[in-house]
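Participant: Sharing a structure below in structure tokens format, with a few things to ask.
The values are calculated or read from the model by the stated rules, or taken from the named source; none is laboratory data. Values in this document were obtained by computation on a predicted structure and should not be read as measured data. Counting neighbours? That spans all protein chains shown, and the Cβs are built from the backbone with ideal geometry, glycine included. These accessible areas exclude ligands, DNA and RNA; they are computed on the full protein's heavy atoms, side chains included. Shrake-Rupley method; radii C 1.70, N 1.55, O 1.52, S 1.80 Å.
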Amino acid sequence: MGGLFAAHLLRAHGWDVAVFERSGGALADRGASIGTRQELFEVLRSIGIGIALDPSAGVAVTSRICLDRSGAIAGALPVHSVNSAWDRIYRPLRDALPDEFYRAATRVERVEQDANSVTAILADGTRESGTLLIAADGIHSSIRAQFAPEVMPRYAGYVAWRGVIEESEMAAAEHALLFGRMCFSLPEGELLLALGMPGRDADMRPGHRRYYWIWFRPADEAYGLPALCTDTNGRCHGSSIPPHLVRAEVIRDLQHAAEANFAPPLTAIIHRTRQPYPHGIFDVEASRLAFGRVVLLGDSAFVARPHVGAGITKAALDAKGLVEALAAEHDLAAALTRYDRERRAFGSALVARARHLGAYLETEAKQRGGTDRQPETVMQEYGTAGKIEGR
Ligand SMILES: Cc1cc2nc3c(=O)[nH]c(=O)nc-3n(C[C@H](O)[C@H](O)[C@H](O)COP(=O)(O)OP(=O)(O)OC[C@H]3O[C@@H](n4cnc5c(N)ncnc54)[C@H](O)[C@@H]3O)c2cc1C
């Protein structure tokens with residue numbers, strides 16, 4: 001997504017671009033919902049993609065509620081938002097970039113540069129040179145590893161379990177209570193959030209949408225996380241696992257924990273979810289974004305925990321900031337210095353904000369007994385970028 005934003009904005013400023021994407025097939029969403037912000041739609045509009053912050057972008061949410069275990073509403077706030085899906089943003093971005101500028105199944109192995117150009121060495125051995133190389137290669141960026149090997153994703157001490165059911169699978173009473181609201185549940189040291197989202201292929205028709213939940217649970221790095229990410233053959237897949245490989249007993253444990261912690265409608269939805277899956281939550285914070293003619297952008301530079309709901313917006317704003325710096329400064333070095341300064345300040349603040357919102361979930365905080373948070377505070381703060389908002 002970050003690479004596509006950069007390609008569009010650079011083309012609009014007269015640059016010749018090539019996007020190298022290692023994946024050969026069509027990218028498909030990971031079944032997760034996307035929090036949206038006005039700034040994201042502004043960048044999309046500047047590219048000529050007219051999605052607005054309205055129900056055409058996703059499911060309109062009119063309030064936030066917190067359900068206690070009995071099903072009583074422990075708090076409510078009238079907060080409006082629109083909850084979208086990855087594909088709803090990705091598909092128009094990809095479709096708007098002519099195929100001649102997009103090279104699928106093309107992996108960048110490493111990068112070389114000198115005073116005059118930068119070269120991507122591709123997996124098939126070919127070399128592609130240009131003025132600037134943008135490393136928008138995600139949280140596990142191999143280009144970041146080449147230029148800043150000291151920057152490693154830092155485990156937050158908890159995982160996110162995610163799941164989705166079809167809107168049509170919801171009972172009428174569940175739908176009436178939950179679908180148009182952002183529903184929170186706050187067992188001690190944990191957090192569940194559930195809300196409606198677009199259906200497959202960004203289907204927005206009532207009855208064809210989906211209901212999504214994300215449940216943050218502590219899991220220690222040495223045993224808890226690897227155990228969750230180990231399949232029936234004993235293979236550990238790292239800090240996440242393909243949904244269809246999650247072991248049945250791990251899902252049964254999750255369902256039992258849901259029964260112990262949540263109101264009946266939420267428990268029923270978790271039981272009905274076919275393939276819930278866990279993945280570890282990490283912070284990534286680069287201490288530098290520009291290395292000669294190479295810049296980090298999007299998740300390769302900073303990954304903020306999902307609590308700020310800003311991954312795609314940040315990638316879009318990084319791309320916008322880069323193009324503005326290139327347009328404003330007289331030479332490349334000055335532009336990249338400016339990009340580094342401005343986007344690093346933004347990225348660091350966002351990571352800090354997300355860490356603050358997630359501190360409640362960290363195992364050590366739970367052990368200290370300092371995890372109590374009021375439903376109103378959590379509901380008010382969640383998905384907001386705090387002081388950095390609007391920058
Ligand atoms: C397939 C996919 C589905 C996603 N689904 C969701 C979702 O449902 N909800 C959500 O909140 N977020 C989702 N995200 C994450 C979200 O899109 C990102 O947080 C946001 O787009 C900013 O990340 P990025 O573009 O910097 O990096 P990413 O989105 O991680 O993209 C990095 C891209 O670089 C490619 N790549 C990596 N290494 C190389 C290499 N060496 N050579 C060439 N290409 C390489 C990867 O294949 C990937 O397409 C998804 C990301 C992907 C890739």
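Participant: Within region 161-178, is there a residue that is assigned to a loop (DSSP other than H, G, I, E, B), buried (at least 17 other Cβ atoms within 10 Å of the Cβ) and of a type in the set (Asp, Glu)?
Facilitator: No, because not a single residue in region 161-178 is assigned to a loop (DSSP other than H, G, I, E, B), buried (at least 17 other Cβ atoms within 10 Å of the Cβ) and of a type in the set (Asp, Glu).
Participant: Give me the pairs: first residue in region 1-15 and closer than 22 Å to Trp86 by Cα and assigned to a helix (DSSP H, G or I), second residue more than 8 Å from the ligand (Cβ to nearest atom) and aromatic (Phe, Trp, Tyr), beta-carbon distance under 7 Å, and six or more apart or on different chains, which are they?
Facilitator: The qualifying pairs are Ala7/Phe101.
Participant: I've got another one for you. In region 21-35, how many residues are more than 22 Å from Arg162 (Cβ to Cβ) and more than 6 Å from the ligand (Cβ to nearest atom)?
Facilitator: Total meeting the criteria: 1.
Participant: Condition first: open to solvent by less than 50 Å² (accessible area, probe 1.4 Å) and out of contact with any helix residue (DSSP H, G or I) (no Cβ under 9 Å at 6 or more places or on another chain). Now tell me which residues in region 64-97 satisfy that.
Facilitator: Listed by number, the residues that qualify are Ala72, Ser81, Val82, Asn83.
One line per residue, one yes/no per condition, for (1) over 25 Å from Gly35 (Cα atoms); (2) in contact (Cβ under 8 Å) with a residue 24 or more places away in the chain:
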{"site": "Leu296", "(1), (2)": "no, yes"}
{"site": "Ser300", "(1), (2)": "no, yes"}
{"site": "Lys314", "(1), (2)": "no, yes"}
{"site": "Glu329", "(1), (2)": "yes, no"}
{"site": "Glu342", "(1), (2)": "no, no"}
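Participant: Please find, among Ala354, Ala385, the residue that is in contact with a helix residue (DSSP H, G or I) (Cβ under 6 Å, 6 or more places away or on another chain), crowded, with 19+ Cβ neighbours inside 10 Å, at pLDDT below 85 and not hydroxyl-bearing (Ser, Thr, Tyr).
Facilitator: None of the others qualify; the one that does is Ala385.
Participant: Please state which one of Ala345, Ala325 is under 25 Å from Ile89 (Cα atoms) and not acidic (Asp, Glu). So that I can check it myself, show each step before the final result.
Facilitator: Values: Ala345 fails: under 25 Å from Ile89 (Cα atoms).
Just a single option satisfies the conditions, and that option is Ala325.
Participant: Filter region 273-286 down to residues that are out of contact with any Ser or Thr (no Cβ under 9 Å at 6 or more places or on another chain) and over 21 Å from Gly35 (Cβ atoms) and give me whichever is farthest from the ligand (Cβ to nearest atom).
Facilitator: Only one residue tops the list, namely Arg274.
Participant: Tally time: how many residues in region 281-308 are open to solvent by less than 10 Å² (accessible area, probe 1.4 Å) and small (Gly, Ala, Ser)?
Facilitator: So the answer is 4.
Participant: For region 118-131, state whether one or more residues are within 30 Å of Arg200 (Cβ to Cβ) and in contact with a strand residue (DSSP E or B) (Cβ under 8 Å, 6 or more places away or on another chain). Steps first, answer last, please.
Facilitator: Residues of region 118-131 within 30 Å of Arg200 (Cβ to Cβ): none.
No: zero hits.
Here's the yes/no breakdown for (1) within 20 Å of His175 (Cα to Cα); (2) touching a Leu at 6+ places or on another chain (Cβ under 9 Å):
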site: Ser33; (1), (2): yes, yes
site: Glu39; (1), (2): no, yes
site: Gly58; (1), (2): yes, no
site: Thr62; (1), (2): yes, no
site: Ile73; (1), (2): yes, yes
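Participant: Scan region 180-200 residue by residue and report those that are farther than 17 Å from Arg69 by Cα and touching a Lys or Arg at 6+ places or on another chain (Cβ under 8 Å).
Facilitator: Arg181, Leu195, Gly196, Met197, Pro198, Gly199, Arg200 - these are the residues of region 180-200 that are farther than 17 Å from Arg69 by Cα and touching a Lys or Arg at 6+ places or on another chain (Cβ under 8 Å).
Participant: Something else now. Would you mind telling me which numbered condition in (1) at pLDDT 95 or above; (2) among the hydrophobic types (A, V, I, L, M, F, W, C); (3) more than 10 Å from the ligand (Cβ to nearest atom); (4) open to solvent by less than 60 Å² (accessible area, probe 1.4 Å) Ala12 fails?
Facilitator: (4)
Participant: Moving to a separate point now. Search region 289-336 for residues being part of a strand (DSSP E or B) and within 30 Å of Leu192 (Cα to Cα), and hand back the single one that is nearest to the ligand (Cβ to nearest atom).
Facilitator: If we take residues in region 289-336 being part of a strand (DSSP E or B) and within 30 Å of Leu192 (Cα to Cα), then Val303 is nearest to the ligand (Cβ to nearest atom).
Participant: For Ala57, are the conditions met, namely being open to solvent by less than 20 Å² (accessible area, probe 1.4 Å), within 15 Å of the ligand (Cβ to nearest atom) and under 13 Å from Val323 (Cβ atoms)? Steps first, please.
Facilitator: Numbers: open to solvent by less than 20 Å² (accessible area, probe 1.4 Å): yes; within 15 Å of the ligand (Cβ to nearest atom): yes; under 13 Å from Val323 (Cβ atoms): no.
So Ala57 does not fit the description; no.
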